[in-house]
Amino acid sequence: ERPATILYSNMDDGAAGKHLLTELENTGDYKLVEKTDEANLRESIIDQNGEAGVLIPQNFTSALLAGEEPQISVYELKATETSIMVKMKISVIADEMRNTAGLIGAARTEATDSDSQFAAVMQRAEQHSVGSIRTDYDLYPKEGLSIVTGFTLMFLMGLVTSSVSLIMDDRRERTMKRMFSAPVRSYEIALGNFLGSFIVGLIQIVVVLALGRYVLQFDFGLPLYLYFLVLAAFMLVSMGLASTVAGLIRNPNNTGMLNSLILTPTCMLGGCFWPLSIMPDYMQKAANFVPQKWAIQAIDIAATGGGWNELWLPFAILGLMAAVLLAIGSAILRPSEAGINA
């Protein structure tokens, strides 16, 4: 919001020191405050009168023209973003002046004055006749969208626990045994449990999106129908996971372990709480096997203007995961063992 205060002491009488200070000031990021000598500069930095101090040595210009590499000292009480950026900008400006001095030195003759020629080039460079225009095409997701999506996915994954609890109740009360005694195929029974919770999940998705968009006025940065389709595809995978887990669990008391063994770890691995880029490579590869990663990736692609030529891959993977999990769930969802507490 305001320029950072940079203290400086220019011991150079040539054009190089003046050009360096002029370029720093022209950025508009810094307020330059002059100090008389190095000792005064050090004391001011210790007293925290500025975020960084710059000392330009004596004969800096003549050393550049002589082909040497004089060093500019930067003082800081602690490393900050400002002090690091000052170092980087000084390094860039010094390299440019060193290259210019080398060109002038290579073309120097007895009739030319290197100091005046170098000063003329520096004055011309300060005019910045050639510049650039930054065009922002807004090709990046809305800030915080991944975190919002991650918590929404974690909320929807809660349906897995409720679906598993319902299936366990059917097994304990022998309702499932009566269903399997009917002339109904096993995959139809699994599909019935699957679709019931899926429809409830779709209703929850509509409610969440409506509250976020029209009540909380949150701009998702992409069409709502695309966001809905991604969450619906993720819900398909969640329901397939519920059918599979329900077929594996025999003790109803173990239902509460789903949160600690499946829901939370997969959400952490899939990037619901932090970007995948900060995780080690082997964890990023393991994230390819959890649906949260592909749902968040689909949202990011849609938010950056990507079309179906890019979105087909995460949707296809989510659909394949749902089909595989539903097939496994229908194969192992049997009432042969009612459970420990039946």
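The values are calculated or read from the model by the stated rules, or taken from the named source; none is laboratory data. Everything numeric here is computed off the predicted structure, so don't read it as measured data. With ideal geometry, Cβ positions are generated from the backbone for all residues, glycine too; neighbour counts draw on all protein chains shown. Note: areas computed on protein heavy atoms with side chains; ligands, DNA, RNA excluded. Shrake-Rupley method; radii C 1.70, N 1.55, O 1.52, S 1.80 Å.
Which one is most open to solvent (accessible area, probe 1.4 Å), of the residues in segment 64-93 that are at pLDDT below 90 and aliphatic (A, V, I, L, M)?
Applying the filter and picking the extreme gives L77.
Please find, within segment 273-302, the residue that is surrounded by the most Cβ atoms within 10 Å (Cβ to Cβ) out of those that are under 18 Å from the mean Cα position of the chain (by Cα), more than 19 Å from L226 (Cβ to Cβ) and touching a residue at least 24 places away in the same chain (Cβ under 8 Å).
Among them, the one singled out is F273.
Can you tell me which residue is surrounded by the most Cβ atoms within 10 Å (Cβ to Cβ) among those in segment 303-321 that are modelled with pLDDT under 85 and small (G, A, S)?
Within segment 303-321, the match that is surrounded by the most Cβ atoms within 10 Å (Cβ to Cβ) is A303.
Here is a yes/no grid of residues against (1) assigned to a helix (DSSP H, G or I); (2) buried (at least 19 other Cβ atoms within 10 Å of the Cβ); (3) at pLDDT 80 or above; (4) not β-branched (V, I, T):
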| site | (1), (2), (3), (4) |
| --- | --- |
| S197 | yes, yes, no, yes |
| I203 | yes, no, yes, no |
| V206 | yes, no, yes, no |
| A210 | yes, no, yes, yes |
| D219 | no, no, no, yes |
| F228 | yes, no, yes, yes |
| A233 | yes, yes, yes, yes |
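Within segment 1-35, how many residues turn out to be open to solvent by less than 60 Å² (accessible area, probe 1.4 Å) and of a type in the set (D, E, K, R)?
Count: 3.
Regarding T266, is this residue open to solvent by less than 60 Å² (accessible area, probe 1.4 Å), closer than 16 Å to A322 by Cα and modelled with pLDDT of 75 or more?
Here the answer is yes, as T266 does meet what is asked.
For segment 36-54, indicate whether the set of residues that are free of Cβ contacts under 8 Å to residues at least 40 places away in the same chain, open to solvent by 60 Å² or more (accessible area, probe 1.4 Å), closer than 15 Å to L7 by Cα and among the hydroxyl-bearing types (S, T, Y) is non-empty.
yes
Can Q284 be described as modelled with pLDDT of 85 or more, in contact with a helix residue (DSSP H, G or I) (Cβ under 7 Å, 6 or more places away or on another chain) and either closer than 20 Å to M235 by Cα or of a type in the set (G, A, S) (or both)?
Against the criterion (modelled with pLDDT of 85 or more, in contact with a helix residue (DSSP H, G or I) (Cβ under 7 Å, 6 or more places away or on another chain) and either closer than 20 Å to M235 by Cα or of a type in the set (G, A, S) (or both)), Q284 does not qualify.
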